[in-house]
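In what follows, a single structure is set out as structure tokens and then discussed.
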Amino acid sequence: MVEPQAVPVFERVYAVVCQIPVGRVTTYGQVAHIVGNCDARTVGYALAGLREGTDVPWQRVVNSQGKISLIGSDQRHRLEAEGIVFDARGRIDLSRYGWSGPEQAWLEANGFDPLWFWNR
């Protein structure tokens with residue numbers, strides 16, 4: 001098991017985001033909850049700091065209303081290419097496309113607290 005204190009928070013954010021499957025999204029707040037000891041804004045900073053061409057699927061993280069960032073035309077195109085549908089107001093139905101979180105075995109193997117996460 002990885003000691004969580006040994007891994008910088010941005011790296012923990014990226015590890016969680018890489019678990020979001022194609023055709024699913026989650027929110028900045030949900031990622032922050034899984035990571036622990038950070039907030040939605042920190043997740044946003046981490047994703048904004050990614051370099052072009054990264055393999056971290058940043059486009060799969062949206063706000064709590066199911067909306068993409070204001071400058072997110074590339075994000076929308078990427079999500080639509082994955083089969084995600086936006087409504088007339090530009091929102092994603094989180095009940096349909098939302099991701100519930102990583103598997104318990106992954107959480108344990110990567111130093112996350114599965115009991116805390118699943119008992120939220």
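The values are calculated or read from the model by the stated rules, or taken from the named source; none is laboratory data. It should be emphasised that the depicted structure is a prediction, and the values quoted were computed from it without experimental measurement. Glycine gets a Cβ as well: all are built from the backbone with ideal geometry, and neighbour counts include every protein chain shown.
Some points to look at:
- Qualifying residue in region 80-94 (condition: in a loop (DSSP other than H, G, I, E, B), β-branched (Val, Ile, Thr) and exposed (fewer than 12 other Cβ atoms within 10 Å of the Cβ)): yes
- Only one of Glu52, Glu103, Glu80 that is modelled with pLDDT of 95 or more and among the charged types (D, E, K, R): Glu80
- Residue match in region 56-68 (condition: in contact (Cβ under 8 Å) with a residue 60 or more places away in the chain, aliphatic (A, V, I, L, M) and in a loop (DSSP other than H, G, I, E, B)): no
- For Arg51: the one exception among (1) in contact (Cβ under 8 Å) with a residue 40 or more places away in the chain; (2) within 15 Å of Glu11 (Cα to Cα): (1)
- Some residue of region 94-116 being touching a helix residue (DSSP H, G or I) at 6+ places or on another chain (Cβ under 7 Å), aromatic (Phe, Trp, Tyr) and farther than 17 Å from Phe10 by Cα: no
- Tallying residues that are within 15 Å of Tyr97 (Cβ to Cβ) and not charged (D, E, K, R) within region 12-30 yields 8.
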